[in-house]
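All of the numbers you see were taken from the coordinates with simple rules; none came from a lab. Keep in mind that what you see is a predicted model, and the values were worked out from it rather than measured. A quick note on method: Cβ atoms are made from the backbone with ideal geometry, for glycine too, and the neighbour counts reach across all protein chains shown.
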Amino acid sequence: MNTKQQPHGVSHISNTSERIDEERNEFVKHLQETGEMDQLKQHLTAKLVDCGWFDEMKEVAQEVVRDRGGVTNITVDELVAELVSRGKQSVPSQVKSDMSTQLRDLLEKKPKDEFLG
């Protein structure tokens, strides 16, 4: 009989991780059903436009295409991968903080049993 025992606490971590994923999925579903997800997206877009992030990403895209020798030398997937990587890193901390606060407020104002099993 070949039974491996997991180190102490591993199954607990896995269960906790699965529970967090489940709760996050339920919260996202709740946001989508109530229309709050669209409001958050609009708010985020406005913040990113206001701080110049979209213009910065446009410049990055042009730079990447130029560095590769033109649009015929780069695939859309390669450009998207580069923009996602650089884009995530360049979102201003104030925008991240603001969005975190908005999400926290939404979590706090809803009864937990409404979307967190």
Item to check | FRET E, pair Leu79, Cys51, Förster distance 25 Å, beta-carbon r, rounded to 0.05 | outcome: 0.65
Checklist entry - So for the pair Val95, Lys109, with labels modelled 7 Å out along Cα→Cβ, what separation do we get in nm? => result 2.3
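With +1 on each Lys and Arg Cβ and -1 on each Asp and Glu Cβ, and nothing else charged, work out how big the dipole of the range 43-117 is about its Cα centre, in Debye to the nearest 20.
Numbers: 11 positive and 14 negative charges, 37 e Å.
With Lys and Arg at +1 and Asp and Glu at -1, about 180 debye.
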Checklist outcome for this item: Using alpha carbon centers only, the range 93-109 is separated from the range 52-74 by a whole-angstrom value of 31
